[in-house]
Amino acid sequence: MSIFESLGVPLLTVAVTLGGGWLVTTRVTDHWDRIKKNRDMDLTAAGEFQRLYGEFVAVWKTWNALTSGHTPVTSPEHPGWACLERATAAEGAIEALLAKLAAERVLTGEEVDVLGGVRQAFKAVRRAIQRGEPLDWWSSEIQPYVAFKSLASAVSVLLGTAPRSRRRPTAVVAAHTFREITHNRHEVQWIETAEGISLGARPS
């Protein structure tokens, strides 16, 4: 047996083993890096939603405290103009977050309804400001307020939970999902959607 034959086979075996190990390690590392990146994105989205929820409450409380005799906000000189600007900015940020979710997750019909419902709920304070009226959620049992809290909680859980699949929707599916989230039907059914969440949470 030549020196090449006696050394070549073991060296080739070592090279193949090292190459295979490198390939497997690289793939495993890449897989976990993707999981971490996706998780970081989910946590960022959850943090942004919670910030916007806090902004909604802050604008609501500020607006209601401004004056006992509200008048419709029609010009920048009105004391409620800053509240109107903050409310519309929060709505815009919610819209952007929902577009991001539609592009990143394959959502169920129930999840679409929850997201569409919370989008409608976020309009409540702006509409009250535009009417020149307080947002009349004076009790924790007021139906729209209960609905808003239920929807906000459901969205927080959705954002804090890894999706069942990390398969990204196609552009066509994402566009359809976003249209469904922003559909006008949620204007009349968002409270009903929230009630469905509450009923589902009750023990039988």
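Observations, loosely collected:
- All of Glu95, Glu133, Glu111 fail the test of being free of Cβ contacts under 8 Å to residues at least 60 places away in the same chain, of a type in the set (Asp, Glu) and either in a helix (DSSP H, G or I) or over 21 Å from Thr161 (Cα atoms) (or both), apart from Glu111.
- Selected residue (criterion: modelled with the lowest pLDDT) from residues of the range 61-73 that are surrounded by 12 or more Cβ atoms within 10 Å (Cβ to Cβ) and among the polar types (S, T, N, Q): Thr67
- Residue check for Ala96: at pLDDT 95 or above, closer than 15 Å to Leu159 by Cα and among the small types (Gly, Ala, Ser): yes
- Only residues that are open to solvent by less than 20 Å² (accessible area, probe 1.4 Å) and not in a helix (DSSP H, G or I) were counted in the range 121-130, giving 1.
Matching residues to (1) part of a helix (DSSP H, G or I); (2) under 24 Å from Glu91 (Cα atoms); (3) among the hydroxyl-bearing types (Ser, Thr, Tyr):
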position	(1), (2), (3)
Ser150	yes, yes, yes
Arg168	no, no, no
Arg179	yes, yes, no
Gln189	yes, yes, no
Ile197	yes, yes, no
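- Once the range 147-179 is narrowed to residues that are open to solvent by less than 80 Å² (accessible area, probe 1.4 Å), among the hydrophobic types (A, V, I, L, M, F, W, C) and more than 30 Å from Trp81 (Cβ to Cβ), the residue that is nearest to the chain's Cα centre (by Cα) is Leu159.
- Here Ile197 clears all of (1) at pLDDT 90 or above; (2) more than 22 Å from Ala103 (Cβ to Cβ); (3) aliphatic (A, V, I, L, M) except the condition numbered (1).
- Criterion: in contact (Cβ under 8 Å) with a residue 40 or more places away in the chain and in a helix (DSSP H, G or I) - qualifying residue of Pro144, Pro163: Pro144
The values are calculated or read from the model by the stated rules, or taken from the named source; none is laboratory data. Keep in mind that what you see is a predicted model, and the values were worked out from it rather than measured. Neighbour counts are summed over all protein chains in view; Cβ atoms, including those assigned to glycine, are modelled from backbone coordinates with ideal geometry. Note: areas computed on protein heavy atoms with side chains; ligands, DNA, RNA excluded. Shrake-Rupley method; radii C 1.70, N 1.55, O 1.52, S 1.80 Å.
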